[in-house]
Amino acid sequence: MKIGAFSRGGVARGQETVAALDHDMHPDALLVSAVTGEGLDGLRERIEEEFARTLQDIELLLPYEEGGRLAELHGLAGDLVREDTAAGVRVVARVPPSVAARFTRFALTARSA
């Protein structure tokens with residue numbers, strides 16, 4: 001993930017043109033100001049969007065005796081859907097790939113691997 005941001009805060013008038021030129025060369029970059037707060041909401045949104053793109057869908061069946069793993073997943077995944085079944089707890093969540101890899105042996109679908 002790579003996010004470009006150019007600082008506008010505390011820029012003298014002559015330097016304003018430099019910031020604009022830098023932005024012209026990198027149109028996906030954001031203009032932000034730590035001084036005024038301008039552009040920070042957009043930067044936060046971009047970070048959230050980019051992070052969400054890295055998440056992977058997983059569908060797991062965790063045996064009841066693996067309750068510690070379920071608690072771990074709750075802490076790592078935040079929002080998840082769970083369903084208690086006779087065989088264990090079925091869980092659907094979006095997690096970073098490194099977390100998905102740790103739960104591979106419980107995967108119900110190929111996309112969870």
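Just so it is clear, none of the values below were taken in a lab; they were calculated from the coordinates. Please read all numbers here as calculations on a predicted model, not as lab measurements. Heads up, the Cβs are rebuilt from the backbone with ideal geometry, glycines too, and the neighbour counts pull from every protein chain shown.
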For the pair Arg82/Ala101, report the inter-label distance in nm, with labels modelled 7 Å from Cα in the Cβ direction. 2.6 nm
Based on alpha-carbon positions alone, could you give the equivalent ellipsoid semi-axes of region 55-112 from the gyration tensor, as √(5λ), descending, whole Å? 16, 12, 10
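Please rank Asp79, Asp57, fewest neighbouring Cβ atoms within 10 Å first, as an exposure proxy.
Listed from fewest to most nearby Cβ atoms, that is Asp79, Asp57.
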Give me Ser98, Ser33 sorted ascending by neighbouring Cβ count inside 10 Å, so fewest comes first. Ser98, Ser33
Pop the C-beta distance of His74 and Val35 into the FRET formula with R0 = 30 Å and round what comes out to the nearest 0.05. 0.15
Along the Cα→Cβ direction, 7 angstrom out, place labels at Ala52 and Arg94. What is the inter-label distance in nm? 0.6 nm
For Gln56, list long-range residues whose amide hydrogen, built 1.01 Å from N in the peptide plane, is under 5 Å from its own amide hydrogen. Val95
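If each residue's Cβ is checked for other Cβ atoms within 10 Å, how do Val81, Val99 rank with the fewest at the top?
The most exposed by this proxy come first: Val81, Val99.
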